[in-house]
Amino acid sequence: MEKSALQIARAAYQPKLPKALLGPVVAKEGKPTQSVGNQEEIKALFPNTYGMPVIEFEAGEQKPLEPFNVGIILSGGQAPGGHNVISGLFDGVKSLNPANKLYGFILGPGGLVDHKYMEITPELMDEYRNTGGFDIIGSGRTKLEEVDQFEKGIQILRELGIKALVIIGGDDSNTNACVLAEYYAAKKYGVQVIGCPKTIDGDLKNEQIETSFGFDTACKTYSELIGNIQRDCNSARKYWHFIKLMGRSASHIALECALQCQPNICLISEEVEAKNMSLDDVVTYIAQAVAARAAEGNNFGTVLIPEGLIEFIPAIKKLIAQLNDILATPEAQNLGRSEQIDFVKTHISKENLEVFNSLPTSVARQLALDRDPHGNVQVSLIETEKLLSAMVAVKLEQWKKEGKYVGKFGTQHHFFGYEGRCAAPSNYDADYCYSLGYNASRLIANGKTGYMSVIRNTTAPASEWIAGGVPITMMMNMEKRNGKMKPVIRKALVELDGAPFKFFASKRDMWAKETAYVYPGPIQYWGPTEVCDQPTKTLQLEHC
């Protein structure tokens, strides 16, 4: 594999580990746990993996272990640091016994079902240390839900002598890991299943999981791009830049980028929903800021928009909920695309039909037709940034006729998504991910299953990080998916009473009026720790 100079230099970087993981460990167990919601239903569905204690590792003695093999799966969308989770697991497994082997299943969970795998050798592992991407074994979105899949999986796990399976993924992938752990435990198959928290969206977090890996790098990558645009914006002084950012179900990325870059406007989906704002309310809010800056002679600015904003506007959220139910029916699924539109219009409520008909045709069609594998609207395909800027332009033109606005409104549009998913990990993510993987090997050595690898206290130096595990069932509740109630990990949304949002809210009026841009620049790997090793602004504010 051809390597760049940076990749060669980064390959030599040795990620830092929590002090507790530098030698043999013992598991300190806390009190029994319960799920975040629907306790009786979750307990009934997961009788073998429910109620287990939170674990914290401390230095101790490790009993000698017979050789064993481990399997690993990358599931869902890419996130910076995935290769470091694998390298941490590889080194951790080898430290327990050099004869241990690590097998990677090709292209995600489908590789387990279809028996497609490869052994991860020391030579192969060294090619991918501290690199971005998931290309060492690839990823996929096959959902592990069916007994037939579980049974096909156990066949290859037994054939390879695999004692434990580590699944690296987001909330849906780790929900599948939990289901698989329960099934193998109920059948007494003797295979452990461990999860690792991955998603750049940042919505897999709770009291035990401070952040999902990849969020730090992705936000710093996007913030560099936003900073570059803001520098251009402040140089040319003739465009409003509407920038859509990843984050279908939560606005963590948009909020973090706002904290790093100080744009004129940043919309937070959770606030739009809490304030029961209409689409026109959102447009008016932006237009007022544009008009206020124009009055000062500033016909330029930046607007950050979360990818999933459209789903959080209450009237549209109600519409989508009913559309999801209708489109999940067998009758609807047997129709052609054009027929589905007519079917939808005749089966939704009068109130929802009015909302549906008020939307631009392209947006209405998107809401009514395509769904992702989890039954969700594919909001990344909706060009919300263009929708909002066009509606703002109409409103400003109306205000100009009324003498309420004097200015020019030129626009540019951007969507930052794939640019951040496979970036070379920041020092924080390189260390955090390596620790998650190494820690997973200790959960396996201690005989745990149905746990997620967790590393806490990550705003402190890495040596002071706390390593352990949390039962995946602890994070679960029941939600409607594809028309049916299913157990899933509850997504973490932006908390409007949390410190990061409160800090943002205290500054945004000033940022809207003034040109207070910050230009973060590219991720730095070598230099002062205050430049290279800092966590996100979100984490710093949450732990200050």
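Bear in mind that the values in this text are calculations on the coordinates, not laboratory data. Treat the numbers as computed from the prediction; the structure is a model and nothing was measured. Note: ideal-geometry Cβ built from the backbone for every residue, glycine included; neighbour counts use all protein chains shown.
Structure notes:
- The share of C-alpha pairs in region 273-364 whose separation exceeds 15 Å stands at 68 percent.
- Here region 52-94 and region 1-48 have alpha carbon centers that stand 7 Å from each other.
- Cα gyration tensor of region 136-258 - equivalent ellipsoid semi-axes, whole Å, descending: 41, 13, 12
- Cα gyration tensor category, rounded, prolate or oblate, for region 384-530 with a/c compared to 1.5: prolate
- Distances between placed amide hydrogens fall under 5 Å for residue 480 paired with 486, all partners being 5 or more residues away or on another chain.
- Value of [θ]222 nm, deg cm²/dmol, for the chain, DSSP H segments ≥ 4, -39500 (n - 2.57) each, nearest 500: -13500 deg cm²/dmol
- A protection proxy built from the mean count of other Cβ atoms within 10 Å ranks the segments 174-180, 20-26, most packed first, as 174-180, 20-26.
- Against the main long axis of the alpha-carbon atoms of the chain, helix 314-327 sits at an angle near 60°.
- Directionally averaged shadow of region 233-276, computed from the convex hull of its alpha-carbon atoms, nm²: 3.8
- Within the chain, antiparallel bridges make up roughly 40 percent of the DSSP beta bridges whose residues both belong there.
- Sequence-distant residues sharing a close amide H with residue 415 (under 5 Å, placed H): 244
- When each of 19/491; 94/187; 317/400; 63/101; 19/94; 317/484 is checked by Cα-Cα distance, pairs over 21 Å: 19/491; 94/187; 317/400
- q = 0.13 Å⁻¹, the chain: log10 I(q)/I(0) [Debye, one scatterer per Cα]: -1.31
- C-alpha long axis of helix 215-236 to longest principal axis of the chain, angle in °: 30
- Degrees between helix 147-159 axis and first principal axis of the chain (Cα, 0 to 90, nearest 10): 40
- Derived scalar couplings between HN and Hα for region 354-367 equal 5, 5, 4, 6, 7, 7, x, 4, 5, 5, 4, 5, 5, 5 Hz in order, rounded to whole Hz, by the Karplus curve 6.51 cos²θ - 1.76 cosθ + 1.60 (θ = phi - 60°), x for Gly and Pro.
- With N counted as the residues of region 58-211, its alpha-carbon radius of gyration over 2.2 N^0.38 Å works out to 1.00.
- Rounded FRET efficiency, nearest 0.05, which uses the C-beta distance separating residue 394 from residue 526 and R0 of 41 Å: 0.25
- Across region 38-43, computed HN-Hα scalar couplings (Karplus, 6.51 cos²θ - 1.76 cosθ + 1.60, θ = phi - 60°) run 6, 4, 5, 5, 5, 4 Hz from first to last residue, x flagging Gly and Pro.
- Kirkwood Rh in Å, taken over all unlike Cα pairs in region 1-110: 17.7
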